[in-house]
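The values are calculated or read from the model by the stated rules, or taken from the named source; none is laboratory data. Bear in mind that the values here come from a model prediction, so they are computed numbers and not experimental data. Here the Cβ positions follow ideal geometry from the backbone for every residue, glycine too, while neighbour counts run over all protein chains shown. Side chains are part of the model used for accessible areas, which takes the heavy atoms of the whole protein and leaves out ligands, DNA and RNA. Shrake-Rupley method; radii C 1.70, N 1.55, O 1.52, S 1.80 Å.
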Amino acid sequence: MQKNSLKAYLIEQFDQAIEKLPLISEKSDIEHLHKLRVTLRRLRSLVKLYLIEPSTFNHTLKSFIEPTNQLRELDVFLSSLDPLEYPTLTKDIQTYRSECFTKVWNEAFRTKFLKNLSLLKEKLLKLPLSYDSSWLLTTTQLHKQNTFIAFEHLEEQPSTKKMHKLRIEFKVLRYALEFIHQSKIKDYSKTIKECKLIQKHLGMVQDYANQLEWLQHFCEKKPSKECQKLIKERTEILEALKRNISEPHKNKNSSKR
């Protein structure tokens, strides 16, 4: 394995992000924004795990991810709503999403976004990043061990905040494993699948918690029977997800991964 495999992989992620930017608009497929955010989070995760001084990269990448958080949360929220069951609420949230998108994804934001991504890519090209495969694998395995141990030691009903932090660690782990697997350093296909399952469950908890908090504030301004019904429904789902967080995935043989 060449020593510059990490740099090549990171540059590829930068190129993918730059290609995605022009595809995103208020009316475009919501997957374009989602895929851009995934690519940026993958970059942040690998930079955080492998680079000795990641702060400059992560600060800049974070500054462009954070403004799109609510846009993505609204997209997820809307995709989970049945417009026949919640017609008025769906319409109101669609209008609110349109207003938010116009404020966030404007020409100035896109221009600055593209400029800074290009500058970060150029900075990365100048870094040596001469890590060999054994160091990359050791670093990844250590993070894998620590992340699964933290998951296995979750209490029966952990706080949403604690699960969110663990979800972030699983994201870092998943992206690292995908890099190691794609670089043919080690086959991690089974562990990647397991990470996705755990990450999905933790993600659902976070999504429902965020949606519930946002919905409660939104419905204070636009109270309705639809709001009351959906708040009750989402509260019940969230509590069920939090109760069942450990049961599907924890097992006694996790140390054999």
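Please give the length that would be gained between residue 146 and residue 162 if that part of the chain were fully extended, namely 0.36 nm times their separation in residues minus their C-alpha to C-alpha distance (nm, one decimal). Show your work: numbers first, answer last.
Working: separation 16, 0.36 × 16 = 5.76 nm, distance 1.50 nm.
Extra length available between residue 146 and residue 162 comes to 4.3 nm.
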Check: Do you know the relative contact order of segment 1-129, to the nearest whole percent, from alpha carbon pairs under 8 angstrom that are 6+ apart?
Finding: 36 percent
Check: Toward the positive end of the charge dipole of the chain, about the Cα centre and with charges on Cβ (Lys, Arg +1; Asp, Glu -1), which of 98, 188, 212 goes farthest?
Finding: 188
Item checked: Solvent-accessible area of residue 73 with every protein chain in place, 1.4 Å probe, in Å² to the nearest 10 -> 80 Å²
Check: What does the accessible area of residue 193 come to, in Å² to the nearest 10, when a probe of 1.4 Å is used?
Finding: 140 Å²
Next item on the list: Identify all lysines with a Cα-Cα distance to residue 112 below 30 Å; exclude those on the same chain that are fewer than 8 residues away in sequence.
Entry: 7, 20, 27, 35, 48, 62, 103, 121, 123, 126, 165, 171
Item checked: Cysteines without a disulfide-compatible neighbour (Cβ-Cβ under 4.7 Å), the chain -> 100, 195
Notebook entry, point to check: Quick one: helix 133-152 against the long Cα principal axis of the chain, what's the angle to the nearest 10°, folded into 0 to 90?
Noted result: 40 degrees
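Find the accessible area per residue for the chain; the probe is 1.4 Å, ligands and nucleic acids are left out, and the unit is Å².
Numbers: 14270 Å² over 257 residues.
I get 56 Å² per residue for this part.
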Next item on the list: Calculate one ³J(HN,Hα) per residue across segment 47-56 by plugging θ = phi - 60° into the Karplus curve 6.51 cos²θ - 1.76 cosθ + 1.60, and present them in order as whole Hz with x for glycine and proline.
Entry: 5, 4, 7, 9, 7, 5, 10, x, 4, 4
Next item on the list: Once you have a ≥ b ≥ c as the square roots of the Cα gyration tensor eigenvalues for segment 108-251, tell me rounded if a/c is under 1.5, and otherwise prolate or oblate according to whether a/b is larger than b/c.
Entry: oblate
Item checked: Vicinal HN-Hα couplings computed from phi for segment 91-104 (Karplus, 6.51 cos²θ - 1.76 cosθ + 1.60; Hz; Gly/Pro x) -> 5, 5, 6, 4, 5, 5, 4, 4, 5, 5, 4, 4, 6, 7
Margin query: When 1/r is averaged over all different Cα pairs and the result inverted, which Kirkwood radius in Å belongs to segment 1-124?
Written below: 15.8 Å
Check: Separation between the residue 127 and residue 80 pseudo-spin-labels, each 7 Å from Cα along Cα→Cβ, expressed in nm?
Finding: 3.4 nm
Note to self: Quick check of the Kirkwood formula: for the chain, what is the inverse mean of 1/r over all pairs of different Cα atoms, in Å?
What the structure shows: 20.1 Å
Notebook entry, point to check: With each run of n ≥ 4 DSSP H residues scored as -39500 (n - 2.57), what mean residue ellipticity at 222 nm is computed for the chain after dividing by its residue count and rounding to the nearest 500 deg cm²/dmol?
Noted result: -25500 deg cm²/dmol
Next item on the list: Run the dipole for the chain about the Cα centre, Lys and Arg Cβ at +1, Asp and Glu Cβ at -1, nothing else charged, and hand back the magnitude in debye, nearest 20.
Entry: 760 debye
